[in-house]
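**Student:** Got a structure here, written out as structure tokens. Questions coming.
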Amino acid sequence: MAVASSSSSSAPVAASETPVGGAVKLDRVVCKFGGSSLSNADRLREVTKLVKMQLEASNKPPIVVLSAMGPSTNELLSAGDRALLDGVVDMTSIRNRAYEACEELDLSKEDLVDPLLLNLDQLLLGVKFIKELSPRTLDYLVSFGERLSVRIFAAHLRQNEGLSARAVDAFDAGFRSNSMFTNAELCDVTQEQVATFFASALPADAIAVVTGFIAKDEDGNITTLGRGGSDLTASTIGAALGVTEVQVWKDVDGILSTDPRIVKSAVPVPSVMFEEAAEMAYFGAKVLHPIAMMPAMRSNIPVRVKNSYNPSHPGTVIVRERAVHAENPVTAISVKRGVQLVDIVSTRMLGAYGFLAEVFKLFATHRVSVDMIATSEVSVSLTLEAAKQDAR
């Protein structure tokens with residue numbers, strides 16, 4: 001169990017504490033929506049309301065970052081496994097979800113999704129006959145989820161809402177990464193290229209609907225950014241454009257004081273600092289991944305976690321500095337299950353030097369990551385993540 005707290009006495013950032021739709025007019029925001037917010041046509045209509053709300057509350061059109069619709073990513077992974085292991089090309093669930101959304105929103109599936117679905121079908125046929133599903137092919141495969149969702153949603157904004165909207169694949173907006181397929185890292189040039197794209201290649205009044213999670217390497221291969229990839233996409237765009245805030249829309253009212261499955265009286269936390277949010281995420285809280293927050297943290301751009309099912313709630317804002325009240329010194333409590341405790345006891349530690357260095361050299365040799373450490377004169381206690389260390 002970990003406790004996130006802070007001793008900072010700095011004043012809160014006024015702009016970041018203003019709820020969306022409040023008195024202060026925002027300049028521009030990035031809105032990221034996860035798969036549960038995009039699961040079907042009804043949810044897309046609800047997201048449309050949120051986008052229009054941001055349009056009214058801001059001086060400039062919002063940038064919308066989308067994940068794949070519902071469980072599409074898992075379905076793509078399953079389709080790849082079936083093609084590889086069973087020789088069966090079956091993308092029925094993926095096609096049906098895209099078709100149903102197009103039909104319910106009165107969109108042309110032939111123009112919007114059939115070209116991508118044809119490419120997907122050809123890819124799965126290739127996996128079937130070549131009998132290979134490399135990490136590079138896997139990234140290309142799962143990219144179809146985000147690419148389908150942005151095309152459907154942007155077309156819906158244009159045709160049904162009369163808004164200027166454009167679907168943008170993140171790699172076309174300047175997202176460049178290394179070639180560590182399935183867990184790629186963005187290159188330093190990305191933010192500069194993103195800023196250039198939005199300044200020169202996109203109309204000023206257009207709502208950009210951007211794929212999360214994906215980029216391209218130097219050879220033009222599609223890569224995926226791993227855990228928290230869509231949040232990282234939103235944070236990177238926010239930092240590149242210097243937006244008022246980055247909004248991450250989930251299915252909870254922000255960051256909670258603890259796990260509601262354990263403590264029924266858990267409540268949303270109004271604000272946390274980036275360091276606190278990173279620590280909470282590391283120790284089990286379902287918060288933004290620390291890597292996803294880095295661009296916003298470096299550029300001092302607030303990140304607000306909101307609930308797409310309860311948009312009137314202000315959510316939780318993550319900032320560099322905030323006021324800490326004496327009566328509430330603890331921000332939140334997170335719980336991490338499935339850990340191993342290792343106690344190392346030796347009188348050789350007493351008054352000696354280099355003992356801990358030798359201990360951690362052994363962990364490094366076996367590539368074992370240590371979560372927490374506590375020491376005394378003759379002992380050291382460590383916690384390890386059991387699921388990852390059992391195989392070592």
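**Student:** Just one of (1) at negative phi; (2) at pLDDT 80 or above; (3) among the charged types (D, E, K, R); (4) exposed (fewer than 14 other Cβ atoms within 10 Å of the Cβ) trips up Glu377, so point out which.
**Tutor:** Every condition holds for Glu377 apart from (2).
**Student:** Determine which member of the set Ala154, Ala170 is touching a Gly at 6+ places or on another chain (Cβ under 9 Å) and within 28 Å of Leu186 (Cβ to Cβ). Explain how you work it out, then say what you get.
**Tutor:** Working: Ala154 fails: touching a Gly at 6+ places or on another chain (Cβ under 9 Å).
Ala170 is the lone residue from the list that is touching a Gly at 6+ places or on another chain (Cβ under 9 Å) and within 28 Å of Leu186 (Cβ to Cβ).
**Student:** For the stretch 260-276, which positions are in contact (Cβ under 8 Å) with a residue 60 or more places away in the chain and open to solvent by less than 40 Å² (accessible area, probe 1.4 Å)?
**Tutor:** Matches in the stretch 260-276: Val269, Ser271, Val272, Met273, Glu276.
**Student:** Just to check your reading of the model, which residue among Arg298, Arg304 is surrounded by fewer than 17 Cβ atoms within 10 Å (Cβ to Cβ) and modelled with pLDDT of 90 or more? Full working, then the answer.
**Tutor:** Values: Arg304 fails: surrounded by fewer than 17 Cβ atoms within 10 Å (Cβ to Cβ).
Sole residue among the options that is surrounded by fewer than 17 Cβ atoms within 10 Å (Cβ to Cβ) and modelled with pLDDT of 90 or more: Arg298.
**Student:** Oh, and also: Give the stretch 116-160 a look and list any residue that's open to solvent by 10 Å² or more (accessible area, probe 1.4 Å) and more than 27 Å from the chain's Cα centre (by Cα), or say none.
**Tutor:** Leu118, Asp121, Gln122, Leu125, Gly126, Lys128, Phe129, Ile130, Lys131, Glu132, Gln159, Asn160 - these are the residues of the stretch 116-160 that are open to solvent by 10 Å² or more (accessible area, probe 1.4 Å) and more than 27 Å from the chain's Cα centre (by Cα).
**Student:** Which of the residues spanning the stretch 161-178 are surrounded by fewer than 18 Cβ atoms within 10 Å (Cβ to Cβ) and out of contact with any helix residue (DSSP H, G or I) (no Cβ under 8 Å at 6 or more places or on another chain)?
**Tutor:** Gly162, Asn178 - these are the residues of the stretch 161-178 that are surrounded by fewer than 18 Cβ atoms within 10 Å (Cβ to Cβ) and out of contact with any helix residue (DSSP H, G or I) (no Cβ under 8 Å at 6 or more places or on another chain).
**Student:** Conditions first: (1) open to solvent by less than 70 Å² (accessible area, probe 1.4 Å); (2) farther than 17 Å from Phe153 by Cβ. Leu55 passes all but one, so which condition is the exception?
**Tutor:** Looking at each condition in turn, Leu55 falls short on (2).
**Student:** Sticking with this structure for a sec: Which members of the stretch 140-168 meet the condition of being in contact with an Asp or Glu (Cβ under 8 Å, 6 or more places away or on another chain) and either among the hydroxyl-bearing types (Ser, Thr, Tyr) or within 18 Å of Ala201 (Cα to Cα) (or both)?
**Tutor:** Matches in the stretch 140-168: Val150, Ser164.
**Student:** State whether the residues of the stretch 77-96 include one that is under 30 Å from Ile237 (Cα atoms), open to solvent by 50 Å² or more (accessible area, probe 1.4 Å) and among the acidic types (Asp, Glu).
**Tutor:** Checked the stretch 77-96: no residue is under 30 Å from Ile237 (Cα atoms), open to solvent by 50 Å² or more (accessible area, probe 1.4 Å) and among the acidic types (Asp, Glu).
**Student:** Let me ask something else. Do you know which residues across the stretch 199-215 are surrounded by fewer than 21 Cβ atoms within 10 Å (Cβ to Cβ) and closer than 14 Å to Asp169 by Cα? Working first, answer last.
**Tutor:** The initial filter retains those residues of the stretch 199-215 that are surrounded by fewer than 21 Cβ atoms within 10 Å (Cβ to Cβ), namely 199-206.
Hits for the stretch 199-215 are Ala201, Leu202.
The values are calculated or read from the model by the stated rules, or taken from the named source; none is laboratory data. Quantities reported herein were computed from a predicted structural model and do not represent experimental measurements. Reconstructed Cβ throughout: ideal geometry from the backbone, glycine too, with neighbour counts over all protein chains shown. Each accessible area value is taken on the protein alone, full model and side chains, heavy atoms only, with ligands, DNA and RNA left out. Shrake-Rupley method; radii C 1.70, N 1.55, O 1.52, S 1.80 Å.
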